[in-house]
Structure formats: C-alpha cells, structure tokens
Amino acid sequence: MERYASRCKADLRIFETTPSRTEFPFPDLPDKPGRPHKFEYALKQYIVGKLMDEGYSNVLMLDDTCIVSPTAPDLFSLVEPGRCGYTHTSREHAEDSFRVIQAEAAKNGWKDVPYDPALYANTGVMLYDALYSPAFLSKNIIDAAPLLFARYPHQTLSYYLLRKYDVSMQRIDKRFNNSTLFLTEPGKDWRDSELSDSFIYHVTGFWKEDREEVVKVVLEKLAEKFAADEISSV
C-alpha cells in the first residue's frame with residue numbers, strides 16, 4: 001500500500017485506533033443479529049468523511065487485508081472526477097442487502113432509495129470523491145446504524161448512503177478487488193497453486209482462520225513473481 005500510494009502521489013493514512021464516542025457518537029450495537037464490530041464497519045464511512053474534512057479531494061479506502069500488486073494502475077487517474085469507483089458484487093448479495101434497506105426504511109420512515117443491483121459494490125476497495133462528502137457526515141451514518149444488522153453490513157450501509165445522495169458511480173475492473181486469489185486445480189493445495197492475475201488481492205473473511213497465512217502466501221508469491229521478472233529482463 002505504501003509503494004502504491006507513492007506511485008499514485010497520494011498520502012497513505014493507516015487508522016489503527018478508533019475515535020472516542022464523543023468524537024463519533026455512534027450507538028452501541030449488539031453483535032447479533034449480523035456480525036460483530038459494527039462500530040468498526042461504521043468507521044469505514046466516518047473516516048472517508050473525516051479525510052474529506054481535512055481537505056482530500058479523493059479517498060481510496062482499502063481493507064487491511066488488501067494486497068496491492070506492483071502492476072496496479074493508478075486508480076485516481078482511472079476514475080473520472082466526480083464519481084465513485086467500485087467493483088461489483090453479486091446479485092444475491094445485492095438482493096439480500098436491499099431487503100434490509102427496505103425493511104429499515106419502512107420501520108424508520110426513511111426516504112426510499114432505488115434498487116439497482118448493477119450499483120452494488122464490494123466495499124473492500126472504494127474510491128470516493130469529495131463532491132459527495134455530505135453522504136459521510138456523522139449524523140447520516142448514525143441515523144443509518146440499523147443497516148449494520150444486515151448480513152453484509154458495510155455493503156448495505158454504503159449502498160444506502162451512496163444512493164440516498166445520488167452519487168455517480170463508475171464500475172472498475174474486478175482485478176482491483178479480486179478475492180479469487182489462486183488458480184486452483186482439483187486435488188491441489190491452494191498453497192501450491194498459481195496466483196491469479198490481479199491488481200489488488202482481497203483476502204476476505206472466507207478464509208477464516210487461514211486468513212493471515214493466506215496474506216503471507218500471496219505476498220511471497222508476488223515477491224517470487226516479480227523477482228523472476230526482474231531477473232529475466234536483465
């Protein structure tokens with residue numbers, strides 16, 4: 001990420017602590033239903049707004065288990081000004097997510113937002129434009145807190161806020177957020193498989209207890225690949 005930020009002439013900001021509840025008065029939400037760490041999911045939107053308040057015109061949000069390949073093009077130059085860059089997620093996820101939005105909108109008297117499965121994002125990699133900074137005000141995130149009880153909490157919260165503020169979206173190549181990490185063959189251990197051709201490898205919760213090992217293996221395979229490429233080009 002540090003090397004990628006340098007190539008894109010961007011600042012790398014790593015958030016390892018959470019703000020106080022005075023700074024971000026998000027309500028305490030139980031772990032169930034849905035997933036634990038709801039406060040942290042809300043922070044992914046809060047931090048976008050916070051950085052825009054600091055003067056950033058664009059914010060690229062990467063999950064902490066995203067690994068950027070040396071071949072990754074500059075996303076800041078690929079996404080048009082005034083648009084949010086995203087990679088698509090499945091229709092199944094979109095439908096599941098939107099049912100929660102509809103239910104909470106009816107229960108809380110929220111303004112309806114349109115359903116468009118083509119605009120549903122996998123939010124592990126998102127490029128935001130400060131033109132839409134009002135979408136990420138603390139009040140808006142806190143008001144939409146019940147959406148974090150969804151099966152896909154951050155995707156649901158993100159979709160609602162982006163559609164509520166009619167954010168212009170630009171779909172980007174799935175290689176910028178690829179969770180299909182290895183080209184596996186039947187009967188072959190994933191550790192011995194070739195790495196897929198991706199710009200950003202996203203090691204999702206699918207890997208559960210193997211997640212840290214997967215990150216290590218992806219990094220090792222990337223290092224081997226690019227060391228071999230450098231030798232062959234000499």
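General remarks:
- Given their separation in residues at 0.36 nm each and the Cα-Cα distance between them, Asp192 and Glu220 gain 8.9 nm when the chain is fully extended.
- The angle between the Cα long axis of helix 153-164 and the main principal axis of the chain comes to about 60°, on a 0 to 90 degree scale.
- Taking the C-alpha atoms only, the angle from helix 211-233 to the longest principal axis of the chain is near 50 degrees.
- FRET E, pair Thr180, Glu95, Förster distance 22 Å, beta-carbon r, rounded to 0.05: 0.55
- Extended-chain gain in nm, criterion 0.36 nm per residue less alpha-carbon gap, Ala103 and Asp173: 22.0 nm
- Normalised per residue, the accessible area of region 99-185 is 43 Å², obtained with a 1.4 Å probe and no contribution from ligands, DNA or RNA.
- For the residue pairs Lys32/Lys107; Lys188/Lys221; Lys139/Lys174; Lys44/Lys188; Lys44/Lys164; Lys44/Lys225, the alpha carbons lie more than 25 Å apart in Lys139/Lys174; Lys44/Lys188; Lys44/Lys225.
- Mean-square fluctuations from a GNM of the chain, with a 10 angstrom spring cutoff on Cα atoms, peak among Leu131, Leu183, Leu157 at Leu183.
- The angle separating the long axis of helix 91-108 from the principal Cα axis of greatest extent in the chain is about 20 degrees.
- Spin-label pair Asp74/Glu212, simplified geometry with 7 Å Cα→Cβ offset, distance in nm: 3.7 nm
The values are calculated or read from the model by the stated rules, or taken from the named source; none is laboratory data. All values derive from a computational prediction rather than experimental measurement. Because the Cβ atoms are built from the backbone with ideal geometry, glycine has one as well, and the counts that use them run over all protein chains shown. Areas reflect the complete protein model, heavy atoms only, side chains present, ligands, DNA and RNA absent. Shrake-Rupley method; radii C 1.70, N 1.55, O 1.52, S 1.80 Å.
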